[in-house]
């Protein structure tokens, strides 16, 4: 397939605490890493879905994107399923991007303790 299509890029990180500052800081670091790893500019972004584990509720992660100047991008926040024994303090992102890159050229980004959510053998990712 050639030409521009909408593709999803995933990422996750952990927040150091359930505070506004920690959630926004972790989310901003994650967004900046995804943007950098994939050469994204805001105009390419169709929408961003943010989720947190239920223990993170002090702030909407989308605040980080707005603070980065993403004022025209559709953003939404929600909670992940509350699965027993799942990781806690996790912020996840699914960024829908208009791109001409093939899926194998996109880089999913997992930071901090979220590196444990994916293994290198199963997908293209960058753990920092």
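So, in segment 1-55, of the ones that are under 12 Å from the mean Cα position of the chain (by Cα) and over 19 Å from residue 68 (Cβ atoms), which residue ends up surrounded by the most Cβ atoms within 10 Å (Cβ to Cβ)?
Of everything passing the filter in segment 1-55, 14 is surrounded by the most Cβ atoms within 10 Å (Cβ to Cβ).
List pairs: first residue in segment 65-85 and on the phi > 0 side of the Ramachandran plot, second residue surrounded by 12 or more Cβ atoms within 10 Å (Cβ to Cβ) anywhere in the structure, Cβ distance under 9 angstrom, at least six positions apart or on different chains.
From residues that are on the phi > 0 side of the Ramachandran plot, the pairs are 69/42.
Just give me the residues in segment 43-56 being out of contact with any strand residue (DSSP E or B) (no Cβ under 8 Å at 6 or more places or on another chain) and in a loop (DSSP other than H, G, I, E, B), in sequence order. Please lay out each step first, then the result.
Here is the first cut: in segment 43-56, the residues out of contact with any strand residue (DSSP E or B) (no Cβ under 8 Å at 6 or more places or on another chain) are 43, 55.
55, the sole residue that qualifies.
Read through the list (1) surrounded by fewer than 18 Cβ atoms within 10 Å (Cβ to Cβ); (2) assigned to a helix (DSSP H, G or I), then give the number of the only condition that residue 65 fails.
Evaluating residue 65 over (1) surrounded by fewer than 18 Cβ atoms within 10 Å (Cβ to Cβ); (2) assigned to a helix (DSSP H, G or I) leaves (1) as the failure.
From the list 9, 23, 40, which residue is under 19 Å from residue 108 (Cβ atoms), modelled with pLDDT of 95 or more and not in a loop (DSSP other than H, G, I, E, B)?
9
Return yes when residue 4 is in contact with a strand residue (DSSP E or B) (Cβ under 9 Å, 6 or more places away or on another chain) and over 16 Å from residue 95 (Cα atoms) and no when it is not.
Taking the combined requirement at face value, the residue does not satisfy it.
Does residue 76 fit the bill of being more than 23 Å from residue 116 (Cα to Cα), touching a strand residue (DSSP E or B) at 6+ places or on another chain (Cβ under 8 Å), modelled with pLDDT of 95 or more and assigned to a loop (DSSP other than H, G, I, E, B)?
no
The values are calculated or read from the model by the stated rules, or taken from the named source; none is laboratory data. Owing to the predicted nature of the structure, the values given are computational and were not obtained by experimental measurement. Reconstructed Cβ throughout: ideal geometry from the backbone, glycine too, with neighbour counts over all protein chains shown.
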